[in-house]
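What follows is a set of notes on a single structure, which appears directly below.
The values are calculated or read from the model by the stated rules, or taken from the named source; none is laboratory data. All figures in this text were calculated on a predicted structure; none of them were measured in a lab. Here Cβ is always computed from backbone atoms with ideal geometry, including for glycine, and neighbour counts include all displayed protein chains. Quick note on the areas: whole protein, heavy atoms, side chains included, nothing else; ligands and nucleic acids left out. Shrake-Rupley method; radii C 1.70, N 1.55, O 1.52, S 1.80 Å.
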Amino acid sequence: GDSVTQMEGPVTLSEEAFLTINCTYTATGYPSLFWYVQYPGEGLQLLLKATKADDKGSNKGFEATYRKETTSFHLEKGSVQVSDSAVYFCALSEGAQKLVFGQGTRLTINP
Amino acid sequence: DTGVSQDPRHKITKRGQNVTFRCDPISEHNRLYWYRQTLGQGPEFLTYFQNEAQLEKSRLLSDRFSAERPKGSFSTLEIQRTEQGDSAMYLCASSSLGTSGGQQETQYFGPGTRLLVL
């Protein structure tokens, strides 16, 4: 079945550092790919998405590119802030249906 | 648009008791999903509805679990004879299926109901 594998955490960085969180997937078809973020005490929020190969999703300075050849959707940000501290989830969906999530990566940014 | 709401936010119960959770989706969203999230893991799909029809159920959804969406608006998730292994965060999400077939809709999540079974 479909699955998502994320870089294990936790990840701790200093403010203004460059961030990469790796995500690879296994799917039978051509899924849509998502990054969701969960801030402390809040629900899951969509951060960005990409629906086909080579699409780049972006939001709030974060970017991820749908790489079909490497089945990857790595999350990047050039300069992180303390307010980016959260848990990040990579997910896929086939046929506009259920989401399949990775295990999550906890990110802590120190000032 | 007030977002997805869930009630209660927290529930503590004793093993063997029944519990029921409610989810109110974003108004006019025709799809509603239930997921379960245990500590340190990503959410796992349980079931989803399109309007009032339950279209898919995960193998995680044992016969002690039942979900309904009687009028195609709010949904309830009931767990009968709770077990300690049911302790988790139960998440609800809603979306609006696009009129063009295959359009990928965004799922919007509620804050979740955290269940602790003692």
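Quick notes on this structure:
- Here the mean projected area of the convex hull built on the C-alpha positions of chain B is 7.3 nm².
- The dipole here belongs to chain A: it is taken about the Cα centre, uses +1 on the Cβ of Lys and Arg and -1 on the Cβ of Asp and Glu, and is about 220 debye.
- Taking the C-alpha atoms of chain A, convex hull volume expressed per residue in Å³: 92
- A Förster radius of 30 Å, combined with the Cβ-Cβ distance separating A:L13 from A:E69, puts the computed FRET efficiency at roughly 0.60.
- Summary of the geometry: region B:81-95 and region A:49-70, compared by the centres of their Cα atoms, lie 31 Å apart.
- Between A:S79 and B:K14, the distance separating the two model label sites (each 7 Å from Cα on the Cα→Cβ line) works out to 5.8 nm.
- Counting only protein heavy atoms and a probe of 1.4 Å, the accessible surface of chain B is 44% carbon and sulfur.
- Accessible surface of region A:21-111, 1.4 Å probe: 46 percent of it comes from carbon and sulfur atoms.
- Cα-centred dipole magnitude for region A:28-90, charges only on beta-carbon of K, R (+1) and D, E (-1), debye, nearest 20: 120
- Put A:R67, B:R64 in order of accessible area, highest first, and with a 1.4 Å probe you get A:R67, B:R64.
- Å² of accessible area per residue within region B:22-91, as computed with a 1.4 Å probe and no ligands counted: 49
- Leaving ligands and nucleic acids aside, the B/A contact buries around 1600 square angstrom of accessible area in total at a 1.4 Å probe radius.
- The simple spin-label model puts a point 7 Å past each Cα toward its Cβ; for B:F74 and B:Q54 those points are separated by 1.9 nm.
- Gaussian network model of chain B, springs between alpha carbon atoms under 10 Å - residue of B:D86, B:D24, B:D63 with greatest fluctuation: B:D63
- Among the lysines of chain A, pairs that are 8 or more positions apart or on different chains and have alpha carbons within less than 17 Å of each other number 8.
- Buried on complex formation within region A:88-103 (loss of at least 40 square angstrom of accessible surface versus the isolated chain, 1.4 Å probe, ligands and nucleic acids ignored): A:A96, A:Q97, A:K98, A:L99, A:F101, A:Q103.
- For chain A, with +1 on Lys and Arg beta carbons and -1 on Asp and Glu, the positive-most of A:G43, A:Y30, A:G102 along the dipole: A:Y30
- Projecting the Cα atoms of B:I12, B:L60, B:L39 onto the dipole axis of chain B, where Lys and Arg carry +1 and Asp and Glu carry -1 at the beta carbon, places B:I12 farthest toward the positive end.
- Applied to region A:13-23, the Karplus parametrisation 6.51 cos²θ - 1.76 cosθ + 1.60 on θ = phi - 60° returns per-residue 3J(HN,Hα) values of 10, 8, 4, 6, 6, 8, 10, 9, 10, 7, 9 Hz, with x for Gly and Pro.
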